[in-house]
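Taking it in order: structure first as structure tokens, then the write-up.
The values are calculated or read from the model by the stated rules, or taken from the named source; none is laboratory data. Note that the coordinates shown come from a computational prediction; the quantities given were computed from them, not determined experimentally. No Cβ is skipped: glycine too gets one built from the backbone with ideal geometry, and neighbour counts run over all protein chains shown. Surface areas here come from the heavy atoms of the whole protein model, side chains and all, with no ligands, DNA or RNA. Shrake-Rupley method; radii C 1.70, N 1.55, O 1.52, S 1.80 Å.
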Amino acid sequence: MGTFDSQVIYEEEVTKGRRRVVRRPLGSLHEPAREVPIMHDVDVLVVGGGPAGTTAAIAAGRMGARVLLVERYNHLGGLSTGGLVIWIDRMTDWNGNLVIQGLGAELVDRLPSHAKLGPDRATWGSHNADDVAIWKPRFSAFHDTVTWAPMIDPEALKAVSLAAVRESGAQVLFHAWASSAVVDNGRLRGVIFESKSGRFAVTSRVVVDTTGDGDVFASAGEASAGDVEASSIHQCINTSWLWGGVDCESWLRFRRSPEYEEFSDRARKQLGLFEWPIAGWRNDIAVFMGPRWAGYSGLDVQDLTEVELRSRDKMTELLEYYREHAPGFKDAWIMLTAPQVGVRQTRRLLGRQILTREDWQAGRVHADEIGVSPSLGPKWPSVSVPYGSLLPRSMPGLLVAGRHLSADASSHTFMREIPQCWLTGHAAGVAAGLAAQANCDPSEIPVNLLQKQLSEQGAHLRARETGRPSVLAGRQPQ
């Protein structure tokens, strides 16, 4: 039992025009010390089962490490499944080459044909006007180039992700939330979790933080950045949903018609905003990725609640409007609202190396490259992702992968996407497995060995080093 030092715990204040409740703590509760049981001891602990956590667990498990993947929800895939970010962004470069390979490509390949929709491999990189016209409205053609950016069935991806993790030998634990890092003598030893069974700890040789928000590395004392451009979509938060009972082909024809502009203008006047659905992986399902709300923090529970409330209000308004005015939506219904809120950015690790816009604009290929990402446009070469962007500056025993890797705000706009999270998670899993095998810190792994293991697991790399004793030994943080 805890005790209060004040009878008043919070007060409420309604901010005009935004209907936002602000709670300010006016007292504190003194919680007595307690023993926390250690429920698991493993080689590799992966915290967070999103895209990065999924591939990290698979990669480490395939190397023979004892792996535990802990996820707070009841499924794997994170925003690609529970967040309904079911449009998988570009995995090909501007010539049609598949550059995001390895475990991410494997997961997509394992999806049954009825659970994904995208252009045939023969058209990847095509500039043919007819090909572009077909795939641009489905977000699989950009800059007049057809790309591999499929729409997928989230339930199928959940199943495929879970199957691959279990086949690797990794264990999975759902319904547990990371609470705090366990640091002993300056080294990360594990993580404390909250659950319906109470608090418990997991100890490990290596912890991979794939929480998306950097919850573990922040608790361990590592510094982060959170700068964004105020007008950028990349700092917005949204709740997505699926509409069933639609006719996507009718909707796509309407979007090409002159009446579409009048339709969108009327929506802005009537509803105060306009958002449009994206045709799904089958003709009778559409995904709605908005509205997108600016000015909210993904680390503030009240902000997250307000986003959910506002989203659900607009969801019903938009459904009524589309039913009345949009071809293909007369019989539409809300099939599913995302159980996970769509947060794009909170913390970004300030790691040993920071992936910068200057690096990839100049076409720099990092010596410690652990993957290659498509660039933002044809005028830039593909992006070399360095291992140093997954390494903290000071905390031994820790790796970071996913949208909170060490990158500047500009690079983060694409490194947060699902394929890039698969990429960095894959690399972190291999690195964690190697570190556990050698009983060393992840920063001490020979880079040529890391790259060799990644290549053997199907990753696409351009840089190889030989004869180097350690990855970042002696390198100063940048």
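Listed by chain and number, the aspartates and glutamates placed with their C-alpha closer than 14 angstrom to that of residue 452 are 368, 369, 465; residues fewer than eight positions away on the same chain are left out. Would any residue of the range 437-463 have its amide N under 13 Å from a label point 7 Å out along Cα→Cβ of residue 97? List them or say none. Output list for this probe position: 460-463.
Across the range 115-123, computed HN-Hα scalar couplings (Karplus, 6.51 cos²θ - 1.76 cosθ + 1.60, θ = phi - 60°) run 10, 8, 9, x, x, 4, 3, 5, 9 Hz from first to last residue, x flagging Gly and Pro.
Residues whose amide H lies under 5 Å from that of residue 38, counting only those 5 or more places away or on a different chain, are 201; hydrogens are built 1.01 Å from N in the peptide plane. Take every Cα pair under 8 Å whose residues are at least 6 apart in sequence, average their separation, divide by the length of the range 105-202, and the relative contact order is 20 percent. Cross-link reach is defined here as a Cα-Cα straight distance under 29 Å, omitting same-chain residues fewer than 8 places apart; for residue 196 the lysines meeting it are 158.
Kirkwood hydrodynamic radius computed over the range 56-105 comes to 13.3 Å, based on all pairs of distinct alpha carbons.
Rg and Dmax over the alpha-carbon atoms of the range 296-336 stand at 13.6, 39 Å.
For residue 445, the amide hydrogen comes within under 5 Å of the amide hydrogens of 471, counting only partners 5 or more places away or on other chains and with H modelled in the peptide plane. Rounded to the nearest Hz, the phi-derived 3J(HN,Hα) couplings of the range 363-371 under the Karplus curve 6.51 cos²θ - 1.76 cosθ + 1.60 (θ = phi - 60°) are x, 5, 9, 6, 4, 9, 4, 10, x, where x marks glycine and proline. So what's the range 56-202 giving for Cα Rg divided by 2.2 N^0.38 Å, two decimals? My calculation over the Cα atoms of the range 56-202 gives 1.30.
In this structure the amide hydrogen of residue 239, modeled in the peptide plane, comes within under 5 Å of the amide hydrogens of 342, none closer than 5 places in sequence on its chain. Mind checking which lysines have their Cα closer than 22 Å to the Cα of residue 314? Skip sequence neighbours fewer than 8 apart in that chain. Qualifying lysines at Cα under 22 Å: 16, 269, 330.
Annotation: Cα Rg of the range 384-453 relative to the compact-globule expectation 2.2 N^0.38 Å equals 1.08. Once the gyration tensor of the Cα atoms in the chain is diagonalised, the equivalent ellipsoid follows with semi-axes of 36, 30, 20 Å, ordered largest first. Both numbers refer to the Cα atoms of the range 321-438; Rg and Dmax are 18.7, 64 Å. Rolling a 1.4 Å probe over the protein heavy atoms gives the chain an accessible area of 43 Å² per residue. Of all DSSP beta bridges in the chain, what percent run antiparallel (nearest 5)? Here the share of antiparallel DSSP bridges comes out near 70 percent.
Sites listed here are GluC sites (Glu not before Pro) in the range 159-254 whose DSSP assignment is loop and whose Cβ has at most 14 other Cβ atoms within 10 Å: 229. Protein heavy-atom surface of the chain, 1.4 angstrom probe: 50% of the accessible area is carbon and sulfur, with nucleic acids and ligands not counted. The range 390-447 and the range 280-339 have their alpha-carbon centroids 33 Å apart. Residues in the range 347-362 carry Karplus couplings, in order, of 9, 10, 4, 8, x, 5, 9, 10, 5, 10, 4, 4, 4, 7, 5, 7 Hz; the curve used is 6.51 cos²θ - 1.76 cosθ + 1.60 with θ = phi - 60°, and Gly or Pro positions show x. As an equivalent ellipsoid, the range 236-336 spans semi-axes of 25, 15, 11 angstrom, where each value is the square root of five times an eigenvalue of the C-alpha gyration tensor, largest first. Each of residue 144 and residue 275 was given a label point 7 Å from its Cα along the Cα-to-Cβ line. The distance between the two points is 3.3 nm.
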